[in-house]
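First up is the structure itself, then whatever we jot down about it.
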Amino acid sequence: QVLSDVFNAPVYTIDTTNSACLGSAYRAIHGLVAEANVSLADVVKSAPEPRLAVTPTTGAEELYRPLLKRYAELEQKVIYNPASSC
């Protein structure tokens, strides 16, 4: 629920063990075939069907939008000037 609220997006899951590793494997395959203009959608056609797990809580976007903006600003500061203090 937290991911859904923070990013104001629905969260889907798949019924498989260790889905994060599976997602990484699909991205790796996509990297291998990218030069052949194979889309990620084509690579994951055989993936298990995702199911909606949660949707954003009403009003959460107003809370998290400024925090995400601040996070992005701090991230850029660290990336472009790692010696600076945040």
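The values are calculated or read from the model by the stated rules, or taken from the named source; none is laboratory data. It should be emphasised that the depicted structure is a prediction, and the values quoted were computed from it without experimental measurement. Cβ atoms come from the backbone with ideal geometry, glycine included; neighbour counts cover every protein chain shown. Side chains are part of the model used for accessible areas, which takes the heavy atoms of the whole protein and leaves out ligands, DNA and RNA. Shrake-Rupley method; radii C 1.70, N 1.55, O 1.52, S 1.80 Å.
If R0 is 22 Å, what FRET efficiency do you get for VAL33 and THR13 from their C-beta distance, rounded to 0.05?
With a Förster radius of 22 Å, E is 0.30.
Go through 35-42, 4-11, 57-64 and give me the packing order, highest mean Cβ count within 10 Å leading.
On the way: 35-42: 9.5, 4-11: 15.5, 57-64: 12.4.
Listed from highest to lowest mean packing, they are 4-11, 57-64, 35-42.
Given a Förster distance of 22 Å, report the FRET efficiency between LYS45 and CYS21 from their Cβ-Cβ distance, rounded to the nearest 0.05. All intermediate terms of the calculation are to be shown ahead of the outcome.
Numbers: r = 19 Å, r/R0 = 0.85.
In this case the efficiency is close to 0.70.
What number, rounded to the nearest 500 deg cm²/dmol, is the helix-based mean residue ellipticity at 222 nm of the chain, given -39500 (n - 2.57) per DSSP H run of at least four residues and division by all its residues?
Here the helix-only value at 222 nm equals -16500 deg cm²/dmol.
Given a 1.4 Å probe, how much area per residue of segment 1-79 is accessible, in Å²?
With the other protein chains kept in place, segment 1-79 gives 77 Å² per residue.
How far is helix 60-80 tilted, in degrees, relative to the longest principal axis of the Cα atoms in the chain, given as a value from 0 to 90 rounded to the nearest 10?
90 degrees
Given a 1.4 angstrom probe, I'd like the percentage of the accessible area of the chain that is carbon and sulfur, rounded to a whole number.
So the carbon and sulfur contribution to the accessible surface is 59 percent.
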